[in-house]
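Each remark here refers to the structure printed beneath this line.
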Amino acid sequence: MSGDAGPEEVLDGLSRHARKLVAELAGPVRRVRLRSGETVLEVEWHDPVRPAPAPRTEADPVPAPRVEAAPVTDRPAVRAPVVGTFYRSPEPGAPPFVAVGDVVRPGQVIGIVEAMKLMNEVTAGQAGRVVEVLVEDGKPVEYDQPLIALEPLTGRDG
């Protein structure tokens with residue numbers, strides 16, 4: 001990859017290198033990170049590949065739809081920017097971005113939502129104290145679903 005390549009060309013090159021590297025490695029790959037200058041390509045797999053379920057037949061009972069109640073809150077909340085999987089920390093085993101009791105500022109990262117293998121940072125839109133984590137780590141979330149409940153800061157909170 002030459003220094004005069006455009007960002008798209010660099011990313012294409014990194015993608016080719018990642019595919020080749022994953023194909024050559026023995027065993028399951030959990031995370032790949034490649035960098036060329038300022039361009040970084042990072043791919044992470046969170047769940048092992050599961051076999052596809054067996055096709056249904058008419059004799060199979062139809063399972064009842066699963067309904068999960070969404071937390072109801074009248075407090076301000078940081079919400080999911082996209083549909084995906086919510087992660088509280090930057091990588092497995094790392095401490096969470098925020099915990100109950102922490103004060104967050106506008107623009108502060110509170111988590112990540114993975115969507116289509118892209119990691120989307122979730123940032124607070126307002127200042128507040130974290131009073132409740134509404135979604136467990138690694139759980140699926142819907143667009144605009146509350147993730148973290150906040151208590152607005154008072155003058156003494158600073």
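For this structure, a couple of remarks:
- From the options VAL122, VAL113, VAL131, residue that is more than 11 Å from the chain's Cα centre (by Cα) and of a type outside the set (D, E, K, R): VAL131
- All positions within segment 138-154 that are surrounded by 14 or more Cβ atoms within 10 Å (Cβ to Cβ) and outside any strand (DSSP E or B): GLN145, LEU153
- Unique match (being farther than 29 Å from ARG33 by Cβ, β-branched (Val, Ile, Thr) and at pLDDT 90 or above) among VAL141, VAL98, VAL103, VAL133: VAL103
- Among the residues making up segment 88-120, those that are closer than 19 Å to TYR143 by Cβ and in contact with a Phe, Trp or Tyr (Cβ under 9 Å, 6 or more places away or on another chain) are ARG88, VAL109, ILE110, GLY111, ILE112, VAL113, GLU114, LYS117, MET119.
- Among the residues making up segment 88-103, those that are aliphatic (A, V, I, L, M) and in contact with a strand residue (DSSP E or B) (Cβ under 6 Å, 6 or more places away or on another chain) are VAL98, VAL100, VAL103.
The values are calculated or read from the model by the stated rules, or taken from the named source; none is laboratory data. Bear in mind that the values here come from a model prediction, so they are computed numbers and not experimental data. Backbone-built Cβ (ideal geometry, glycine too); neighbour counts: all protein chains shown.
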